[in-house]
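Asker: Supplied in structure tokens, the structure appears directly below.
The values are calculated or read from the model by the stated rules, or taken from the named source; none is laboratory data. Since this is a predicted model, take the numbers as computed values, not measurements. Neighbour counts are summed over all protein chains in view; Cβ atoms, including those assigned to glycine, are modelled from backbone coordinates with ideal geometry.
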């Protein structure tokens with residue numbers, strides 16, 4: 001081969017390599033700019049809920065004239081926002097590194113969807129939006145899948161729908177058939193241009209429209225949701241047209257789990273339990289967290305002992321018998337895992353051991369060691385989940401307010417309603433979840449006007465409302 005031919009090939013190779021380098025540089029520059037934009041917005045995303053928490057905490061501490069339930073609601077929503085932001089960052093990092101672990105748990109599917117909707121309902125109401133949650137007839141009470149990942153995906157979809165919709169409604173729909181759960185989040189927002197529909201699923205992308213640029217957020221939500229759905233072996237699709245709104249649809253495997261539970265009382269916090277008194281050992285080096293745990297379980301009737309370190313916990317376990325121990329993992333000196341191992345060696349399986357940690361990677365215990373615990377819960381703790389976990393482990397027969405409620409009379413067949421009346425009934429289901437009594441009164445009236453033939457059904461709803469028995473009303477509404 002001639003020298004000229006070799007020079008020509010070398011020149012072509014250099015041109016191709018330079019083109020590849022320019023493309024790589026362009027991609028790296030674009031990613032760097034996107035992450036810079038993200039860092040600029042994430043400061044606001046973190047500081048806003050922190051400011052709300054800090055402000056309300058000061059008002060409560062100073063004894064200001066403030067309604068404690070309203071303050072608690074703001075603080076909880078702000079903390080949930082922070083937790084979701086942190087979870088999003090961790091999820092993106094884990095997906096990029098390929099180290100994501102899935103944890104299948106048994107949970108109440110319908111309850112989870114309602115909780116996510118309730119989280120964003122105040123924000124929707126402030127914008128004048130209807131946020132409606134509806135369910136198919138065959139949705140099971142309990143399923144087995146990764147609850148935390150599913151919750152994060154739903155939060156991202158509902159949050160975006162409320163954020164980008166300025167008028168109309170956001171509708172969340174759950175259907176279930178053949179072990180498959182189908183979640184739809186539909187809005188009446190501005191829609192998404194065809195050319196943007198693929199790009200919005202990439203990290204830090206926010207869409208090309210001015211409306212997207214004006215919204216707060218890090219541009220991570222849809223990327224995280226897409227990654228979660230892939231990890232769970234499901235399918236995520238989008239149907240949208242500019243000016244006509246959007247519909248995101250997730251289809252995921254959700255095997256049904258049989259459980260003898262009254263679904264009408266599933267969200268109610270117990271007031272106590274039946275049978276002999278149970279004893280708990282609570283171990284945490286954070287005094288404030290330990291106090292919250294102690295108050296929570298003493299209010300439910302448990303005998304409680306506390307310890308702020310591992311040595312004290314082991315000493316107390318030698319002096320008395322406990323039914324369960326709740327241990328924080330990260331403590332100075334002996335870790336929670338060390339304490340759990342010694343408690344298991346001394347007391348065997350008679351002592352139930354629950355671990356609390358802010359590190360999701362620790363849920364299976366220390367690498368290379370047999371797990372010495374029975375349950376793992378991730379911080380920040382949802383106390384309803386912790387109470388459920390203790391009840392499940394100790395086979396506690398909870399006493400709930402619903403037990404004293406009068407039940408609505410049973411009817412052999414479901415009421416037949418017109419399509420318009422069904423829409424009003426679906427809105428009533430959402431209102432009964434948040435206890436919006438005034439809204440329920442107006443909703444029942446609209447349902448009666450929409451379908452005069454449903455007088456008997458309306459009478460049952462009015463009867464429940466007159467007794468302020470929202471548990472019974474929920475049962476009546478679930479018949480349709």
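Asker: Count, please, the residues in the range 303-342 that happen to be without any contact (Cβ under 8 Å) to a residue 40 or more places away in the chain and under 20 Å from residue 391 (Cα atoms).
Answerer: 5
Asker: Identify the single condition in (1) surrounded by 13 or more Cβ atoms within 10 Å (Cβ to Cβ); (2) closer than 22 Å to residue 376 by Cβ that residue 332 does not satisfy, given that it satisfies every other one.
Answerer: All conditions pass for residue 332, except number (1).
Asker: Yes or no: the range 229-236 includes at least one residue that is over 25 Å from residue 132 (Cα atoms), at pLDDT 65 or above, touching a strand residue (DSSP E or B) at 6+ places or on another chain (Cβ under 9 Å) and not in a loop (DSSP other than H, G, I, E, B).
Answerer: Among the residues of the range 229-236, at least one is over 25 Å from residue 132 (Cα atoms), at pLDDT 65 or above, touching a strand residue (DSSP E or B) at 6+ places or on another chain (Cβ under 9 Å) and not in a loop (DSSP other than H, G, I, E, B), which makes the answer yes.
Asker: Related question: Any chance you could count how many residues in the range 461-473 are under 26 Å from the mean Cα position of the chain (by Cα) and modelled with pLDDT under 80? Write out each step before concluding.
Answerer: Residues of the range 461-473 under 26 Å from the mean Cα position of the chain (by Cα): 470-473.
Still in the list and also modelled with pLDDT under 80: 470-472.
Final tally of qualifying residues: 3.
Asker: Taking the stated definitions as given, is residue 311 at pLDDT 90 or above, part of a helix (DSSP H, G or I) and within 30 Å of residue 114 (Cα to Cα)? Give the derivation first.
Answerer: Values: at pLDDT 90 or above: yes; part of a helix (DSSP H, G or I): yes; within 30 Å of residue 114 (Cα to Cα): no.
Taking the combined requirement at face value, the residue does not satisfy it.
Asker: What residue, of 144, 77, 137, is surrounded by 14 or more Cβ atoms within 10 Å (Cβ to Cβ) and either touching a strand residue (DSSP E or B) at 6+ places or on another chain (Cβ under 8 Å) or modelled with pLDDT of 80 or more (or both)?
Answerer: Within the list 144, 77, 137, the selection yields 144.
Asker: I need every pair where a residue in the range 10-38 that is under 19 Å from residue 223 (Cβ atoms) has its Cβ under 7 Å from the Cβ of a residue that is modelled with pLDDT of 75 or more, sequence separation at least 6 or different chains.
Answerer: The qualifying pairs do not exist here.
Asker: Are any of the residues in the range 284-301 within 27 Å of residue 142 (Cα to Cα), at pLDDT below 85 and either touching a helix residue (DSSP H, G or I) at 6+ places or on another chain (Cβ under 6 Å) or surrounded by fewer than 16 Cβ atoms within 10 Å (Cβ to Cβ) (or both)?
Answerer: No; the residues of the range 284-301 include none that is within 27 Å of residue 142 (Cα to Cα), at pLDDT below 85 and either touching a helix residue (DSSP H, G or I) at 6+ places or on another chain (Cβ under 6 Å) or surrounded by fewer than 16 Cβ atoms within 10 Å (Cβ to Cβ) (or both).
Asker: Now for a different question. Scanning for something touching a helix residue (DSSP H, G or I) at 6+ places or on another chain (Cβ under 8 Å), surrounded by 13 or more Cβ atoms within 10 Å (Cβ to Cβ) and modelled with pLDDT of 70 or more, does the range 401-416 turn up at least one residue?
Answerer: no
Asker: While we're looking at this one, here's another question. Mind checking which residues of the range 232-256 are out of contact with any helix residue (DSSP H, G or I) (no Cβ under 9 Å at 6 or more places or on another chain), closer than 13 Å to residue 157 by Cβ and touching a residue at least 40 places away in the same chain (Cβ under 8 Å)?
Answerer: Of everything in the range 232-256, those that are out of contact with any helix residue (DSSP H, G or I) (no Cβ under 9 Å at 6 or more places or on another chain), closer than 13 Å to residue 157 by Cβ and touching a residue at least 40 places away in the same chain (Cβ under 8 Å) turn out to be 247, 249.
Asker: What is the number of the single condition among (1) surrounded by fewer than 22 Cβ atoms within 10 Å (Cβ to Cβ); (2) at negative phi; (3) modelled with pLDDT under 90 that residue 178 does not meet?
Answerer: (2)
Asker: For the range 348-360, state whether one or more residues are at positive phi and modelled with pLDDT of 75 or more.
Answerer: Start the filter on the range 348-360 by keeping residues that are at positive phi, which leaves 348.
Now restrict to residues that are modelled with pLDDT of 75 or more: 348.
Looking through the range 348-360, at least one residue is at positive phi and modelled with pLDDT of 75 or more.
Asker: When you look at residue 458, is it modelled with pLDDT of 75 or more, outside the structural domain of residue 293 (by TED's automatic domain parsing), part of a loop (DSSP other than H, G, I, E, B) and within 26 Å of residue 174 (Cα to Cα), yes or no?
Answerer: No; evaluated as a whole, the condition is false for this residue.
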